[in-house]
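Step one of this worksheet: look at the structure below.
No value in this document is a laboratory result; all are computed from the given coordinates. What you are looking at is a predicted structure, and each value in this text was computed from that prediction instead of being measured. Quick reminder, even Gly has a Cβ in these numbers, built from the backbone with ideal geometry, and neighbours come from all protein chains shown.
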Amino acid sequence: MTRRVAIIGAAASPNGKLQTPQDAPLQTLEHEILAPLVIEAMAVAGVPKEEVGALVFAMCRPYTLQKYFATFMANYLRLPLKGSIMEVLGNGMTGGMAFDQAINAVALGHADVALALGINMESQAASAEHAMSTMRATGDVDFHTIFGFTPIAWYAMDAVRYMHDFGATRAQLASVAVKNRRHACLNPIAQFRKPLSLEEVLSARPIVEPLGLFEVPPRGDGAVCLVVCAEEVAKARGTPYALVRGRGFFHDGTHQLSDVPNDMIAFSAAHRAATAAYGAAGIGPGDLDLAELYAPCTIVEVLASEALGLTPRGRGAAEAQAGETSLGGRIPICTSGGCLSRGHPAYVTGLLTIYELWEQLTHRAGERQVANARLGAGSCELGNYNAALIHILEAVA
Amino acid sequence: MSLPFIDVASARPWPPRISAFTKPFWDALREGRLMTTRGRTSGRLTFPPKPFCPHDWGREVEWVELSGRGKLYTQTVIHATPAAFIGEAPIRNGIVDLEEGVRIAARILGEPALECRVECVVLRYTDGPLFAFRAAGTAHRL
């Protein structure tokens, strides 16, 4: 049994520093942040809590003390479940996979209503110490980590190759950060809402050359809850919803680096996942009104926009600089402000992606609303887009 | 022929684990040879070395020596390093396509341009070796 699935409610915390220092007399607790979001999202959805049949959590960071967080939350919320409950992990795809599994729970008939939710707390871990953990997530621990590669170092190498292959300039790449900050200024849940100039981006201290401070993700925390349901449940409510129109996935069978030389910056997994998602939705990239891309660095947004067919190959950075991917442009990308300015609480970023599409497609996005937004794409990835998960959503009024 | 050696007066910041299978790789590197495995049935190389061939899942592999010569595909300089690497920061790391058709990531010495011909060198740390690349025929050190 499969059936069509819709999003009917959502809520998200502001992104930023939510976590408290270990020695603070008063602590912020994950469940005390997430539970009110569940209640708020369900109030927007307008269905009683008894209808919820499945909970799919993005796994918490290791800094979260409470283990078995999913069943702990089911108890905290007093939610018996007939479908399923789980915590999922897929590195950068974690949030997207949580959404995907919630869709499955509904599509397969295990639940009529499912929540995809999570909280990512990490901001109190010092960057150099946090990197001691994340460096073990990319490449081979015994053959790559030994050199001190960090996740964003791989993206920096993409940037170097992209500039070499296509003659893209630093200013073109940096313009992505300026554009995303402009978007974030209009987003109440964004971590950074102060305008940022091209000069500030270009003169920022180097983090992984050529990328400086404003072209790599900020450290931060965030929490989000999405309510998904069978389309008949959504229809019965009589208020706008977002319909899942297509889904595409591809993993290229490599982990970070292919030992068979390939075009590393083609992001072929994203291209294949997008092709599958467009095919399932019966659309092409030109039909999209907006795209919310998983893009921890400026270069990643450029390469993903090309792989998804939103900008021509080799022209992604130039088109960003020309305003084609800005609000009001041909295809607005990362209207939330993206990872760079909305924030990148990594394990829930994929959920925040869908949250922004929900806001846009149900015309809740206020000053950053894309006029008449009807079709949106959201992507998330696994290390250099070796794998990509893409969803196409449609506004139904 | 041995790869050039460069002595480093410290221990490796984050040494690799060595298994019974990977020990020949690290032992050979210590002696100045960059090795990997080739599947007997597929005839294809892989890196890092593996006790089977990932291309056809053949279970018979042989150790072969790599030339260490290749071209620089891309690189970066990491300023924000993990804690263990702060003593070596900033770090230049990159990706090299070896003549044998194998792509490999490693430390880069000097400031070679992309597509530059590079050669493998052995960094002889006090506790064991790591491999690195530098522009062919230069004397760049860590």
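Numbers for the structure displayed
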quantity	calculated
3J(HN,Hα) from dihedral phi, the stretch A:153-167, Karplus parametrisation 6.51/-1.76/1.60, rounded to Hz, x for glycine, proline	4, 5, 5, 4, 5, 4, 4, 4, 5, 5, 5, 5, 6, 10, x
Tail weight of P(r) past 25 Å, computed on alpha-carbon pairs of the stretch B:5-135, percent	28
FRET efficiency for residue B:126 and residue A:198, using Cβ-Cβ distance with R0 set to 45 Å, rounded to 0.05	0.45
Cα-Cα over 25 Å, subset of A:179/B:71; A:17/A:82; A:82/A:235; A:179/A:235; A:67/A:194	A:179/B:71; A:17/A:82; A:179/A:235; A:67/A:194
Rounded tilt (10° steps) of A:30-45 against the dominant C-alpha axis of chain A	70
Shape of the stretch A:314-374, Cα gyration tensor, a/c cut at 1.5	oblate
Förster radius 22 Å - calculated FRET efficiency between residue A:82 and residue A:2, Cβ distance, rounded to 0.05	0.75
Aspartates and glutamates whose Cα lies under 18 Å from that of residue B:23, excluding same-chain neighbours fewer than 8 positions away	A:140, A:142, B:31, B:60, B:62, B:65, B:127
Sum of side-chain charges, residue A:275 neighbourhood, beta-carbon under 15 Å (Lys, Arg +1; Asp, Glu -1)	+1
Cβ-defined net charge surrounding residue A:56, 13 Å radius [Lys, Arg +1; Asp, Glu -1]	-2
Longest site-free stretch - chain B; sites: GluC sites (Glu not before Pro), DSSP loop, at most 14 other Cβ within 10 Å	B:61-98
Using a Förster distance of 25 Å, the FRET efficiency for residue A:322-residue A:126 (Cβ separation, nearest 0.05)	0.05
5 angstrom amide H check on residue A:118, placed H, neighbours 5+ away	A:58, A:224
Amide N proximity, the stretch B:70-91 versus residue B:17 label position 7 Å along Cα-to-Cβ, cut-off under 19 Å	B:84
Extension gain (nm, one decimal) between residue A:171 and residue A:141, 0.36 nm per residue minus Cα-Cα	7.4 nm
Local electrostatic count, residue B:22, Cβ distance below 10 Å [Lys/Arg +1, Asp/Glu -1]	+1
Taking B:14, B:57 and counting other C-beta atoms within 10 Å, the order from fewest to most	B:57, B:14
Computed label-point distance, nm, for sites residue A:372 and residue A:22 using a 7 Å Cα→Cβ extension	5.6
Estimated 222 nm signal from helices in chain A, with DSSP H stretches of n ≥ 4 weighted -39500 (n - 2.57), rounded to 500	-10500 deg cm²/dmol
Where labels lie 7 Å past Cα in the beta-carbon direction, separation of residue B:89 and residue A:51 in nm	5.0
Under 5 Å, built H, 5+ apart or other chain: amide partners of residue B:131	B:123
